[in-house]
Amino acid sequence: STLPPGESMRPLSGHARCVRTVQLDDRKVISGTMDRTLKIWNWRTGALLRTLEGHTEGIVSLTYNDRVLASGSADSSIRIWNCQTGECFPLNGHRDWVNALQLWTAPSHGSSNPSMFLYSASDDFTIRLWDLQTRECLMVFLGPVGQVQSLRRVRMFQSSGRHWGQGGWGGAGAPDAG
């Protein structure tokens, strides 16, 4: 059955402070809040599936795919979560709120374990590119205008056919730009 526009299906209760970020798919909804928790819900039944804790300040951004969940916080850190086990590891490097996150899986070219990357945007005026396998920051893009509130990854091909995430950076912020 289809829910009419503007109608609510059911409330999802459980957070102690305001919800700052929400993502959903056909099975679940994930919410991040200023109470420093992420909650994963079955939105069809309303059941709380898991609560994830690890940030020391409120969660203001999140993104996920079928393999990982990434959360960004007012504590300047990013956490990469395994949704099944609740285990996580931090990515540290930003100096202010992490406002936006974007996961990207590189084309596998036959590999059974394709490389996964994360872009992060912060109030510290930077965008960072992280390699989730090595847990290292590969690149820092310095913005001339101020706090970065959102991200959108676009494919930009060079004449060589390489694109961002495969070594074809070019321009300001490129590893070999000088």
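The values are calculated or read from the model by the stated rules, or taken from the named source; none is laboratory data. Nothing here was measured: the structure is a model prediction, and the numbers come from that model. When we count neighbours, we look across all protein chains shown, and the Cβ atoms used for this are built from the backbone with ideal geometry, even at glycine. When the accessible area is computed, the model is the full protein with side chains, heavy atoms only, and any ligands, DNA or RNA have been set aside. Shrake-Rupley method; radii C 1.70, N 1.55, O 1.52, S 1.80 Å.
Residue by residue, here is whether (1) basic (K, R); (2) in contact with a strand residue (DSSP E or B) (Cβ under 9 Å, 6 or more places away or on another chain); (3) under 24 Å from F117 (Cβ atoms) holds:
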position: E7; (1), (2), (3): no, no, no
position: A16; (1), (2), (3): no, yes, no
position: V22; (1), (2), (3): no, yes, yes
position: R27; (1), (2), (3): yes, yes, no
position: I30; (1), (2), (3): no, yes, yes
position: M34; (1), (2), (3): no, yes, no
position: H55; (1), (2), (3): no, yes, yes
position: I59; (1), (2), (3): no, yes, yes
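Could you list, in sequence order, all residues of segment 54-81 that are of a type in the set (S, T, N, Q) and open to solvent by 50 Å² or more (accessible area, probe 1.4 Å)? Spell out how you get there, then give the answer.
Residues of segment 54-81 of a type in the set (S, T, N, Q): 56, 61, 63, 65, 71, 73, 76-77.
Result: T56, single match.
Note on segment 23-53: among residues that are part of a strand (DSSP E or B), touching a residue at least 24 places away in the same chain (Cβ under 8 Å) and under 16 Å from the mean Cα position of the chain (by Cα), the one that is surrounded by the fewest Cβ atoms within 10 Å (Cβ to Cβ) is Q23.
Considering each residue of segment 138-156, count those that are open to solvent by less than 90 Å² (accessible area, probe 1.4 Å), touching a strand residue (DSSP E or B) at 6+ places or on another chain (Cβ under 7 Å) and either in a loop (DSSP other than H, G, I, E, B) or modelled with pLDDT under 70 (or both), and give that number.
Summing the residues that are open to solvent by less than 90 Å² (accessible area, probe 1.4 Å), touching a strand residue (DSSP E or B) at 6+ places or on another chain (Cβ under 7 Å) and either in a loop (DSSP other than H, G, I, E, B) or modelled with pLDDT under 70 (or both) in segment 138-156 gives 5.
Among residues of segment 13-22 being in a loop (DSSP other than H, G, I, E, B) and not hydroxyl-bearing (S, T, Y), the one that is most open to solvent (accessible area, probe 1.4 Å) is R17.
The number of residues in segment 17-54 being of a type in the set (A, V, I, L, M, F, W, C), out of contact with any Cys (no Cβ under 6 Å at 6 or more places or on another chain) and closer than 18 Å to D75 by Cα comes to 4. Once segment 98-120 is narrowed to residues that are without any contact (Cβ under 8 Å) to a residue 40 or more places away in the chain and under 23 Å from G32 (Cα atoms), the residue that is farthest from the chain's Cα centre (by Cα) is V98.
This table checks each residue for (1) at pLDDT 90 or above; (2) on the phi < 0 side of the Ramachandran plot.
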| site | (1), (2) |
| --- | --- |
| T56 | yes, yes |
| I59 | yes, yes |
| S77 | yes, yes |
| R95 | yes, yes |
| H109 | no, no |
| N113 | no, yes |
| F117 | yes, yes |
